[in-house]
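A quick write-up on the structure given underneath.
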Amino acid sequence: MDELRYPIGLFAHEGEITREQLQKWMADIESTPARLREAVAGLSDEQLDTPYRPGGWSLRQVVHHVADSHINSYTRFKLALTEEEPTIRPYYEERWAELSESKSAPVELSLALLDALHSRWMIMLNAMQHEQFARVFVHPESGKIRLDWNVGNYAWHGNHHIAHITSLRDRRGW
Ligand code: NI
């Protein structure tokens, strides 16, 4: 396992997902924008343009990636709630991160976007009946994905990228 690339390990969950587990993951999703904002607070443009690991994305690209990824995820939740086992549209996240906008736009734009997006996402999740967490979408490569598992996956995803930033800051003493 590459510790720089996976500072908190990979997401894994086996078996039934309890309401308690789901609540913990939802609390992580709710706090992700504030924790991401805190993770980059006070960094200069030069620091934001530093790769979190050799050959990896810059901190700026990481922040914009979280927004890109969570916009897609939010959409997939909505598709799964309103259609029967919809097949979702994958995208090349590496290519999105290489677009010049992802490399240059102020991080504040994605932080603000995530504040609003996660606020709506949480209203949606909190309004879901427990049975609705068993609804699925179909990923063309990964197959059927249940919404409860996906809540965990995106709680992990935010934590994973926040750890990229905080671990670099620790290593550099920033
Ligand atoms: Ni990611």
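Please tell me if Ile88 is surrounded by fewer than 15 Cβ atoms within 10 Å (Cβ to Cβ) and at pLDDT 95 or above. No. Across region 96-151, the number of residues qualifying as under 20 Å from Trp57 (Cβ atoms) and open to solvent by 60 Å² or more (accessible area, probe 1.4 Å) comes to 11.
Listed here are the residues, each with its yes/no results for (1) within 16 Å of the ligand (Cβ to nearest atom); (2) touching a strand residue (DSSP E or B) at 6+ places or on another chain (Cβ under 6 Å).
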{"site": "Val66", "(1), (2)": "yes, no"}
{"site": "Tyr74", "(1), (2)": "yes, no"}
{"site": "Glu84", "(1), (2)": "no, no"}
{"site": "Thr87", "(1), (2)": "no, yes"}
{"site": "Ala97", "(1), (2)": "yes, no"}
{"site": "Ser102", "(1), (2)": "yes, no"}
{"site": "Leu114", "(1), (2)": "yes, no"}
{"site": "Leu125", "(1), (2)": "no, no"}
{"site": "Val138", "(1), (2)": "no, yes"}
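Taken over region 9-42, the criterion of being open to solvent by less than 70 Å² (accessible area, probe 1.4 Å) and either more than 27 Å from His130 (Cα to Cα) or acidic (Asp, Glu) (or both) is satisfied by Gly9, Asp28, Leu36, Ala39, Val40, Ala41. Considering region 45-64, the residues that are within 13 Å of the ligand (Cβ to nearest atom) and touching a Ser or Thr at 6+ places or on another chain (Cβ under 9 Å) include one that is most open to solvent (accessible area, probe 1.4 Å), namely Trp57.
The values are calculated or read from the model by the stated rules, or taken from the named source; none is laboratory data. The structure displayed is predicted, hence computed values, not measured ones. Positions of Cβ are generated from backbone atoms using ideal geometry, with glycine treated the same way; all protein chains shown enter the neighbour counts. SASA here: full protein model, heavy atoms, side chains in, ligands and nucleic acids out. Shrake-Rupley method; radii C 1.70, N 1.55, O 1.52, S 1.80 Å.
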